[in-house]
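Heads up: the structure comes next, in C-alpha cells.
The values are calculated or read from the model by the stated rules, or taken from the named source; none is laboratory data. Nothing here was measured: the structure is a model prediction, and the numbers come from that model. Here the Cβ is made from the backbone with ideal geometry for all residues, glycine too, and neighbour counts use every protein chain on show. SASA here: full protein model, heavy atoms, side chains in, ligands and nucleic acids out. Shrake-Rupley method; radii C 1.70, N 1.55, O 1.52, S 1.80 Å.
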Amino acid sequence: MNRFVTLVNDCAADWSAAIISACWLGGIALGLVWLISRYLPRIPATVRCWLWRLAYLKLLVSLVWLTPIEIPLLPPVAEQSAAESVDVSAAPVPAVYQTGETTATTIAAPSLAAVPISATPQLALSATAWMFLLWCMGVICCLLVLLWNWGRMLTTLARCRPVKDSRWNQIAAELATKFGVTGDIRLKEIDSPVSPHLAGVLRPRIILPAAVVESAGTTEARMILAHELAHWQRRDLLWNWLPSLASILFFFHPAVWFARREWQLVQEIACDEAAIRQSRARPDEYGHLLLTISRSCRIEQRPTFLTAGVHQSFHNLSRRITAMKRRSTQSRSTLWTTTVAVLILGVLGIVPWKLVAQEAAPTTVASAEANLPATEALAFADKPKEGDQKPAKKKPKAYLQLPTNEAALRKVWKGLDDEQKGEVIRRNLHGLVRAVHSYYETEGVLPPAVVPNDALPAEKRLSGFVLLLPHLDVMTFPDKSGKSRAIFDPKFAAKAKEIFKSMDLKKAWDDPQNLPAAKMIMPALLAPGGAAFRNKQGYAVSHYAFVRGANGKDDGAFTDKEDLTIIGGKDIIDDGTVNTFALGQVKSDLGPWTAAGNATARYVYHYSDDFDQPTFGSEYDGACYFANGDSYAYLLDVDNISAEILHALATRSGGEIIYDDELKQYRFLNAAEWKK
C-alpha cells in the first residue's frame, strides 16, 4: 500500500507542476487569440484559424515541455577569475581535515532533530494526490463521451446509402478539382433531418439529408458541397483533435470550452469564404441557404474531431452571416504572406525559451588539481620540477568550467576522453566534500544527508545537497605559499546561493516554492558520461550521493543520527576521514537532486552482496568514483577489491584502518589508467 501511495504522490507532484504551468501559459495564449478574433474581425478567417491551432498547441505543449530552451544572446556577465589567489595562510586547518589513520574527526552532532532516513513513515495521500485522482476520473469520463460520439457516428454511417443523383456527383467532382482534393469523393444520403456534414477522419464521407438532395437546386448543391469540400481540403477533421484533446485533459478549464466554440465558429467562417469563392455564389444567396438548412434540418450535428458541417446554432449563424459582409478580398499572395508570418510568430510562442547571458571567455580555470593533504600518495596536479624558475601558465580548460546554461554545459563536455572526464568528476567530488567542511566550519555540525523535518514523510524531505548550496564558493587547500583558489566558478557559486535563498527548508522538495530548484541543473552535481541530466519527469538529477553505510546498515558518515558525535556521543567516527567514504558516483535510479531518499543517499554494496537496492556506479562497469571524508577523490576498482575493504571504507566506525598499500592497486586517477 505504501508503494502505491508513494507512486500516486510522486505522480501528483509532477502532474501539479505541469498542469499549473499549462493552465497559466495556455490560458494566456487562448485569451490573446480570443481578443484578436473578437476585436479584429477583418483578419482573414484562415489566419485566425491558424492562431487558434497555435494557441491550442501551446496549451498542450506546455503540459509536457516544462524546461525552456536557453538561448545565450544576452551580453556575458563579468565574473571574478576562478583562479584568483586568496591568502589563507593564517587560517587554521580544522580537525575535520585531519587524515591520520588513527585520529578521530572532531565533528559535533547535527543540531536539527533528525529522523533516520531508513524509517518507514505512515504514508497518506496528499491533497494534490486527491486532486490528481479526481482529474484522472474526469479524463476517463471525457474519454467515455468520446467513445459514445464515435459509436454515434458509426451508427449514422451505417444508416447512410450512396447518393444516386448524378447531378450531385458531377458537381462534387468539379469542385474537388477546384479545391485540389484527391481521392474518392463519396456522397452519402440519410433519411434523418441532419445537417450536411463531413464525417470520418481517415476516410471522409459527405453526409447529406435525403430531403435536401431531392429539393436543392444546382446552385444550392454547389454551395453545400463547396462548404464540405472546404473542410476536406483544409483537413479540419484532423485539426479538430486539438480542441478535443484539450477538452479531455483540461475539462475543468472554462477557457478551453469557451475557446473551442470560437475555434468552431472561425473554422466555419473560413469554409464559408472558400465555398463562396469556389462556387461563385453571392453572399446573400449563401446566407439564405444557411437559414434554409437551419429551418429544415432539425437535428444539429455538433462539430467534433469526427465531423464538421454547415449547420450551427442561431447565434453562430448570425455571426457567420455578419462575417460575410466583411469577407476578405485579399490576394492569395497576401494571405500566404500573412499566414507564414503568423506561423513563425506562433512557433516562437509554442516552444518554451528564454534569453540568457553568454558564457564569458574563461581567463583562468579552477580545477580539482589542488594541493591535498601530504599523506595522500596520489596528487591531483603535477608539481613543477626542481630548477624551474616559474611554471608555465597553462591554457584554460573549458571542460572544467561549470556554466549554469544546460546547453552550454553539454557543449563543453561533448567529446571528453576518459582522463578529462575523470578530472571533472574528481574536481566535483573534491569540491562537494570541501563544501561539507565549509558547512562544518560555519555551523559546527555535519550537514545531514536529509534535512530533518518531522512534519513531512521521508520521501518529501529535502536532500543534504541543498544545505551545501551556500558553501560551493570553497577554496582549495593552501599551497606552500599559503594561497588558495576557488574550486568552482564564482558565477556558479553565486547562482547556487541565489537558489538556496529562494528555498524554504521547512517545506517539501516538491512544494511550489522549492520545485523550481528541482528543475535547475546543478553542474557541480553532474558528471560527464552517459547519465542523463534529467529524469523522465524533467527534474534535474544528481550523479553523486551521500554514503549512508554498507550493506543496508546506517554506519556511514551521513546517517542523520542526532547523537552522531566524536566527543561524548554514542556513535563515534573513529576510523578517520581518510578511511571513510563521504560521497560516491551514481548512474541509475536517479531522482531530483533536491529530494531525499535513495537518489541522494545510498548504501555501498559489493557485487557479491545479496541486495536489491540502488547503489553506486558509473559508466564504467566494474569501477566507480568515490571521495573520502578528507576530500580526496579517485576511481575505485570495485570489481576486484574485496568486500571487506569496500565495506570498511563505507563505514565510519569499527576501527578498520585501510593502509595506502592495500588500496594502491585498486585506486586510479581516471578510467584511462584503470583500463590499462
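Surface composition of region 489-561: carbon plus sulfur atoms contribute 54% of the solvent-accessible area (1.4 Å probe, protein chains only, all chains present).
Between residue 662 and residue 24, residue separation times 0.36 nm minus the direct Cα-Cα distance comes to 223.7 nm.
Over 32 Å between Cα atoms, which of 460/675; 553/587; 421/519 qualify? Working shown, then result.
Numbers: 460/675 40 Å; 553/587 21 Å; 421/519 24 Å.
The answer is 460/675.
Quantify, in whole percent, the carbon and sulfur part of the accessible surface of region 233-284 (1.4 Å probe; protein heavy atoms only). About 60 percent, which is the carbon plus sulfur part of the accessible surface.
Please report, as a whole percent, how much of the solvent-accessible surface of region 4-50 comes from carbon and sulfur atoms (probe radius 1.4 Å). In region 4-50, the share of accessible area belonging to carbon and sulfur is 76 percent. Accessible surface ranking for 232, 257, 1.4 angstrom probe, highest first: 257, 232.
Computed over neighbours whose Cβ is under 13 Å from that of residue 471, the net charge equals -1, Lys and Arg +1, Asp and Glu -1. Solvent-accessible area per residue in region 225-287 equals 36 Å², computed with a 1.4 angstrom probe and all protein chains kept.
Near residue 591, once Lys and Arg are set to +1 and Asp and Glu to -1 for all other residues with Cβ below 10 Å from its Cβ, the sum equals -3.
Computed over neighbours whose Cβ is under 13 Å from that of residue 552, the net charge equals -2, Lys and Arg +1, Asp and Glu -1.
When each of the peptides 411-418, 263-270 is scored by how many other beta carbons lie within 10 Å of its residues on average, the order from highest to lowest is 263-270, 411-418. Projected label points at residue 621 and residue 411, each 7 Å from Cα along the beta carbon direction, are separated by 3.5 nanometres.
With each label modelled as a point 7 angstrom along the Cα→C-beta vector, the residue 42-residue 65 pair spans 3.4 nm.
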